[in-house]
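Structure first, commentary second.
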Amino acid sequence: MINYEIVVNRQQCFACGMAPRLCSEVFTRGGDNGKTRITPQYSIQTSLDTSKGIIPEVHYDCAKQAAEACPYGAITITKIESKE
């Protein structure tokens with residue numbers, strides 16, 4: 001089983017809304033400051049500085065597209081392989 005860890009650097013994010021527009025399954029705009037965060041379904045930790053989550057492989061392509069489209073480079077994706 002392959003999953004991916006997504007990290008949004010919310011300090012680097014300028015709340016342009018690009019990631020939520022391209023991949024609403026994974027990203028949403030935060031109610032706290034309007035900056036991108038991981039959707040509650042996949043979120044493991046959110047603060048004013050970062051939002052982290054784990055997503056299944058099925059959402060990788062849209063998450064990657066959103067990360068690549070982020071004009072501020074605020075989103076990173078890391079592959080996680082489990083031994084299941």
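The values are calculated or read from the model by the stated rules, or taken from the named source; none is laboratory data. Quick caveat, the model's predicted, so the values are computed rather than measured. Positions of Cβ are backbone-derived with ideal geometry, glycine not excepted, and every protein chain shown enters the neighbour counts. Ligands, DNA and RNA are excluded from the accessible area calculation, which covers all protein heavy atoms including side chains. Shrake-Rupley method; radii C 1.70, N 1.55, O 1.52, S 1.80 Å.
Accessible area per residue of the range 28-84 at 1.4 Å probe, in Å²? Display every interim value, and only then the final one.
Working: 3560 Å² over 57 residues.
Accessible area per residue: 63 Å².
Send over the Kirkwood Rh of the range 1-40, from the inverse of the averaged 1/r over different Cα pairs, rounded to one decimal Å.
When all Cα pairs of the range 1-40 are included, the Kirkwood radius is 10.5 Å.
When the Kirkwood radius is taken over all Cα pairs of the range 13-77, what Stokes-Einstein diffusion coefficient follows at 37 °C and 0.692 mPa s, in µm²/s? Intermediate results must be reported in sequence, preceding the final value.
Values: Rh = 11.5 Å.
It diffuses with D of about 286 µm²/s by this estimate.
Given a Förster distance of 22 angstrom, what is the FRET efficiency for Gln12 paired with Gln41, based on the Cβ-Cβ distance and rounded to 0.05?
For Gln12 and Gln41, the calculated efficiency is 0.40.
Where the centroid of each part is defined by its Cα atoms, how far is the range 37-84 from the range 7-28 in Å?
A separation of 9 Å, based on Cα centres.
Which length gain, in nm to one decimal place, applies between Lys64 and Glu25 when the Cα-Cα distance is subtracted from 0.36 nm times their residue separation? Walk me through the numbers before you get to the answer.
On the way: separation 39, 0.36 × 39 = 14.04 nm, distance 1.23 nm.
Stretched fully, the Lys64-Glu25 segment lengthens by 12.8 nm.
Length gain on complete extension for the stretch Leu48 to Glu5, per 0.36 nm per residue less the alpha carbon to alpha carbon distance?
On the way: separation 43, 0.36 × 43 = 15.48 nm, distance 1.83 nm.
Going from the current span to full extension adds 13.7 nm.
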